1. Add +1 for every Lys or Arg and -1 for every Asp or Glu among the other residues with Cβ under 10 Å from the Cβ of residue 273, and state the total.
2. Quick one: Karplus J couplings for region 134-142, per residue in order, coefficients 6.51, -1.76, 1.60, θ = phi - 60°, nearest Hz, x for Gly and Pro?
3. How big is region 39-182 along each principal axis, measuring the range of its Cα positions in Å and listing the largest first?
4. Which angle between 0 and 90 degrees, to the nearest 10, do you get for helix 45-54 versus the longest principal axis of the chain when only C-alpha atoms count?
5. Given a 1.4 angstrom probe, I'd like the percentage of the accessible area of the chain that is carbon and sulfur, rounded to a whole number.
6. For region 234-325, which semi-axes, largest first and in whole Å, follow from the square roots of 5 times the eigenvalues of its Cα gyration tensor?
7. Measuring from label point to label point, each 7 Å out along Cα→Cβ, what is the residue 297 to residue 230 span in nm?
8. Under the 0.36 nm per residue contour assumption, what length would be gained going from the current alpha-carbon distance of residue 17 and residue 163 to full extension?
Amino acid sequence: MCGNHAMPVFYRDVMYREDTEEKDRAYLKLYDGHDWNWFRVSLSHTDMEYLRKNWAGKKAAAPVLEKRHRKYFLRFFYTEKVLLTKAAAKEQIICSVDLGLNTDAVCTIMRSDGTVLGRKFIDFPSEKDRMYRVLGRISRFQRKHGSVQVKSRWAYAKRLNTELGRKIAGAVTGYAEENHADVIVFEYLEIKGKISGRKKQKLHLWRKRDIQKRCEHQAHRRGMRISRICAWNTSRLAYDGSGTVVRDPGNHSLCTFQNGKRYNCDLSASYNIGARYFIRELLKPLPATERSLLEAKVPSVKRRILCVYADLRELFSEMELLKTA
């Protein structure tokens, strides 16, 4: 089974049972070549303390055998029921997140009327510097010795990249929880085809899907929801509705609007991400006649890929006027 990447499940009381005398030991039913017998195994004390501290009282499933780095481990599974928030769109507080290459993540806390309650730039420069130095050593080693003997070095670089993704996801979810956000909004990022250019390696190492997946798991455990919007033009269009932006050639994090304003491009994109989510959620439940009336007054909301933060402010104002009329 190991050759087919399948490992056995140790069903409780049949193939797995806990040791009643010592907390960090368990019994596994294994085949010794002649018969199935119970074997006593020792478990890591720190791992068991982590399970007892964070998963006490949760429903435990059967552990699964796992082989990593020529060693065997037991992977424990737990299930829990969490009620996700059911707040209406107008009452929601969201955390819109722009994942980037220059800054790891830019978060904006926003209400449905466009009020910005908080902003945060999440960046781990020391971790990225360490990973890029490792990549530089790999590049120099490959030029001298070829690409056959660098498997262990690439494995180390990938572990650094994975740990960076974990830290980014934890920081995003923690900031959303601090501000009592109901929804975390991401872009639907899809990179297909051959990647070329100077940032080719950075894009390959960009763990955007892994970060979003980890954020989704952590957010659901905290009762928050996850949503995604179309990523087209979120960074290209200025949040104030002035049109396309021009990125600085020396610093791609900064840009210049058509009206001459200098602004952070990732922060502008996070405003647009949150605005597109609210525009979609505010218009979706409305009757067709009311939606058409609002689209006539704010024509830009007809095409979601052209919506910006200024359109949300205008749409919300028109909805309030329509309500009082």
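1. With Lys, Arg at +1 and Asp, Glu at -1, the net is 0.
2. With coefficients 6.51, -1.76 and 1.60, one gets 5, 5, x, 5, 5, 4, 5, 5, 5 Hz.
3. Cα extents, longest axis first: 59, 50, 20 Å.
4. Tilt of helix 45-54: around 40 degrees.
5. Carbon and sulfur atoms account for 51 percent of the accessible area of the chain.
6. Whole-Å semi-axes of the equivalent ellipsoid: 29, 11, 10.
7. Going by the 7 Å Cα→Cβ label model, 2.4 nm.
8. Stretched out fully, the residue 17 to residue 163 stretch lengthens by 49.3 nm.
The values are calculated or read from the model by the stated rules, or taken from the named source; none is laboratory data. The structure presented is a predicted model; accordingly, all values stated were derived computationally and were not measured. Counting neighbours? That spans all protein chains shown, and the Cβs are built from the backbone with ideal geometry, glycine included. Heads up: the accessible areas ignore ligands, DNA and RNA and are worked out on the full protein's heavy atoms, side chains in. Shrake-Rupley method; radii C 1.70, N 1.55, O 1.52, S 1.80 Å.
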